Amino acid sequence: MQRKLISGIVGILIALLIGALIMLFQGYNPLQTYAALFNFSLFGLYPLATTLRNSVPLILTGLSASVAFASGPINLGQPGQLLMGALFATVGGLYLDLPAFLLIPVLILLSMLGGALWSGIAALLRKWFNMDEFITTLMLNMIADFFTYWAISYPFFDRNAYSPMTPQINTKAWLPIWGEFNSNVIVMILAFVVIYFVFNRLTAGYEWRITGQNSLFSRLGGVKIDKNYVTVMLVTGALAGLAGGLVVMAGPHRFLKGLGANYAWDGVMIAVVANNGLIGTLLYGLFFSALQTGSLGMELITAVPKEFIQVIQAITVLVIVAGRGYLDIFLDKTLARRKARERTT
Amino acid sequence: MNIITGLINGMISGATPILLAALGGTFTFYAGIFNIAMEGMMLGGAFFAVLGSYYFDSWLIGIICAILGSLLMAAIFIFFAVTLKTDEFVTGIALNLFALGATTYMLRQIFNVKGAFSNPGIVPIPRIHIPFVSQIPIVGEILSGQNLIVYITVLIVMISAFLIFRTRFGLRLRAAGYNAPSLDSSGVSSAKIRTWSLIICGILCGLAGAFLSLGYVTLFSENMSAGRGWISLAAVILVNGNPWGIALISLLFGFTDGLGLLLQQYMPSQFTSMVPYVATLIALYFYSIQARKRKT
């Protein structure tokens with residue numbers, strides 16, 4: 001745990017340093033830029049609340065990827081599952097009329113259903129025809145992208161709008177906002193706690209993890225691999241779908257083109273840097289969200305465009321993942337040396 | 001008749017970028033690298049192609065820049081995956097996102113635009129009109145007048161097949177994927193072979209990118225590779241890396257691309273754009289059925 005923390009912090013510092021060098025090379029002031037970046041994402045109640053709100057889709061898709069990768073299935077379909085979840089929640093929000101305390105949970109369930117449906121297709125293709133989920137989920141991403149684009153251009157199109165988008169959903173389905181804090185964070189934390197509990201404390205979670213580490217061993221131990229495979233795909237799809245539903249219910253309250261942004265791919269990256277650890281996913285998700293939230297402020301104060309953050313994110317991932325192995329060797333060496341010294345004295 | 005030649009020409013231009021990237025992928029496939037970075041390399045190539053073509057008023061420099069840009073991505077992949085031995089899957093994902101972020105960033109930084117950059121100053125790669133052949137009805141319209149890259153691609157398919165199956169380098173390449181330790185113990189560094197396979201992949205993806213931004217269309221837009229790298233990966237897996245098989249399957253995908261354009265008269269464009277991806281799923285279905293039969 002401590003070691004992971006060290007490797008993460010060292011990696012982030014190195015990545016920020018590389019980013020600073022790139023900025024220097026282009027004639028920007030890195031200190032000023034980073035000050036603006038973190039001023040607008042961490043210091044103060046409003047920036048912090050915004051960072052928290054923006055972290056929700058990142059963390060949920062990150063959790064989806066982490067649980068999937070750690071349990072075996074290479075579910076790379078988070079982008080598509082997120083969009084389908086968002087579409088389901090939007091459609092529910094357009095046509096259902098219930099009191100808020102019922103409508104919000106219903107829409108949350110609908111968004112999870114949408115995501116699980118989309119990942120379920122990939123799971124069934126694997127189960128029935130042995131088709132590799134790695135490619136099917138990727139293809140389903142593109143299909144979901146076009147399908148949702150069609151859905152918001154024709155059947156659910158807002159007639160008063162000039163670009164493809166749906167009308168706003170029922171105001172009762174809007175997630176409540178308390179002061180600066182958006183309640184989508186509560187839903188995310190609930191989902192995190194449930195997933196953490198299932199993954200680390202229940203037999204099912206143990207079976208998933210052990211299958212991810214050694215599927216032959218777990219099969220010999222009596223784990224029903226095929227059934228677990230489908231369950232994991234459904235659960236991870238539901239998580240990504242939930243991310244999409246919350247984006248709609250907390251943010252624009254409608255489905256607009258480009259709603260999914262890069263959330264899901266960023267989530268996959270977060271899972272990768274966190275080495276599929278759940279707590280790591282949470283922390284890196286917050287960090288990535290801080291970067292993205294601060295990027296707007298950075299663009300406002302300095303001349304650095306906000307797209308620069310995407311570059312920094314990718315550098316962070318590469319540095320941390322590549323450095324992980326090397327740091328381990330380095331730490332082991334220093335530990336061994338210290339022990340050797342203790343023994344001689 | 002026009003529909004058919006149009007469909008075939010659409011098929012060829014749809015297939016070319018996929019085919020080039022997939023040929024690059026097949027070299028790394030044989031070298032035993034799980035390379036999913038074709039998407040990023042292609043995107044990098046497409047961006048630098050526009051950059052070179054625009055600033056030097058020459059499509060040739062555009063192609064060279066595309067190859068250099070794609071090689072830069074390949075170099076990052078080599079540094080992390082081969083030198084530092086970082087997980088290839090992770091490196092690939094990070095590299096794809098790096099390419100997306102970096103090209104979007106540079107698009108804004110260098111051209112001061114968001115979304116897409118198109119300008120009459122970008123010089124496209126010319127179409128080649130073969131004398132005499134272009135006179136032949138129907139066949140002439142297909143054989144002649146294609147983009148220069150298309151002819152280069154045909155050449156590269158043959159060279160790749162020869163290189164992989166008929167030369168010493170090809171043997172070592174396949175050995176690196178089949179059994180790296182035995183290759184190492186026979187005195188050939190498998191890391192070196194892998195590096196070369198990635199460099200070749202970089203060059204071919206650079207050409208694919210140049211075709212996208214200087215041939216297929218003459219502009220650069222954000223994320224313009226649009227999953228073609230993933231489709232080319234699927235193509236490589238579907239035919240187990242055989243260059244001729246890849247050519248065939250790329251043409252099939254290209255055909256669905258052209259078919260999609262044709263179908264646009266009958267249904268919303270969003271559905272026709274799905275066609276290549278659905279076709280990939282269908283191809284994967286047949287592949288899996290075959291693979292299962294072979295096993296039993």
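Throughout, read-outs are computed from the coordinates displayed, never taken from laboratory work. All figures in this text were calculated on a predicted structure; none of them were measured in a lab. Neighbour counts are summed over all protein chains in view; Cβ atoms, including those assigned to glycine, are modelled from backbone coordinates with ideal geometry.
Take the Cα of B:I130, step 7 Å toward its Cβ, do the same at B:A191, and the gap between the two points is 4.6 nm.
What value, in deg cm²/dmol to 500, does the helix sum -39500 (n - 2.57) over DSSP H runs of n ≥ 4 give at 222 nm once divided by the residues of chain A? Mean residue ellipticity, 222 nm, calculated: -26500 deg cm²/dmol.
Among the listed pairs A:K4/A:K306; A:K224/B:K293; A:K333/B:K192; A:K224/B:K192; A:K172/A:K257, which have their C-alpha atoms separated by more than 31 angstrom in this model? Write down the numbers at each step before the final one.
Working: A:K4/A:K306 29 Å; A:K224/B:K293 24 Å; A:K333/B:K192 29 Å; A:K224/B:K192 42 Å; A:K172/A:K257 23 Å.
Beyond 31 Å between Cα atoms: A:K224/B:K192.
log₁₀ I(q)/I(0) of chain A at q = 0.07, 0.12, 0.13 Å⁻¹, via Debye over equal Cα point scatterers, no solvent, to two decimals? Treating every Cα as an identical point scatterer, log10 I(q)/I(0) equals -0.32, -0.91, -1.04.
Relative contact order, whole percent, for chain B stands at 36, derived from Cα pairs under 8 Å and 6 or more residues apart.
Note on A:L5 and B:Q265: their simple-model spin labels are 6.8 nm apart, each label 7 Å out from Cα toward Cβ.
How do the peptides A:151-162, A:80-91, A:281-292 rank, highest first, by the average count of neighbouring beta carbon atoms within 10 Å per residue? Provide the component values of the computation, followed by the final result.
Working: A:151-162: 13.8, A:80-91: 30.8, A:281-292: 23.9.
Highest to lowest by the protection proxy: A:80-91, A:281-292, A:151-162.
Within chain B, helices built from complete DSSP H runs that reach 20 Å or longer along their own axis (Cα positions) and carry a mean Kyte-Doolittle hydropathy of -0.5 or higher are B:2-30, B:38-56, B:59-77, B:88-111, B:148-166, B:190-211, B:243-263, B:269-295.
Counting Cβ atoms of other protein chains within 10 Å of each residue's Cβ and taking the mean over peptide B:87-97 gives 6.
Inter-chain Cβ neighbour count for A:133-146, averaged per residue, equals 6 (cutoff 10 Å, partner chain atoms only).
Short-range pairs are left out: with C-alpha atoms under 8 Å and at least six residues apart, the relative contact order of segment B:91-213 is 13 percent. For the pair A:L17 and A:E180, what calculated FRET efficiency results from E = 1/(1 + (r/R0)^6), where r is the Cβ-Cβ distance and R0 = 25 Å, to the nearest 0.05? It comes to 0.20. Taking A:P167, A:P47, A:P99 in turn, the Gaussian network model of chain A (Cα-Cα springs below 10 Å) assigns the largest fluctuation to A:P99.
Relative contact order, whole percent, for chain A stands at 35, derived from Cα pairs under 8 Å and 6 or more residues apart. Using the Cβ-Cβ distance between B:N2 and B:F34 with R0 = 35 Å, the FRET efficiency computed as 1/(1 + (r/R0)^6) comes to roughly 0.20. Efficiency by 1/(1 + (r/R0)^6): what FRET value for A:A204 and A:R337, r their Cβ-Cβ distance, R0 = 30 Å, to the nearest 0.05? Result of the calculation: an efficiency of 0.10. Taken residue by residue and averaged, Cβ atoms of other chains lying within 10 Å of the Cβ of A:270-279 number 1.
Each peptide among B:10-20, B:279-289 gets the average number of other Cβ atoms lying within 10 Å of its residues, and from highest to lowest they stand as B:10-20, B:279-289.
Mind checking which helices in chain A clear 27 Å along their axis (Cα) and have mean Kyte-Doolittle hydropathy of 1.6 or more, DSSP H runs only? Working shown, then result.
Values: long enough: A:2-25 (34 Å, 2.02); A:45-71 (38 Å, 1.02); A:100-129 (43 Å, 1.73); A:133-153 (29 Å, 1.01); A:225-250 (37 Å, 1.40); A:278-301 (34 Å, 1.33); A:308-344 (51 Å, 0.41).
Helix filter hits for chain A: A:2-25, A:100-129.
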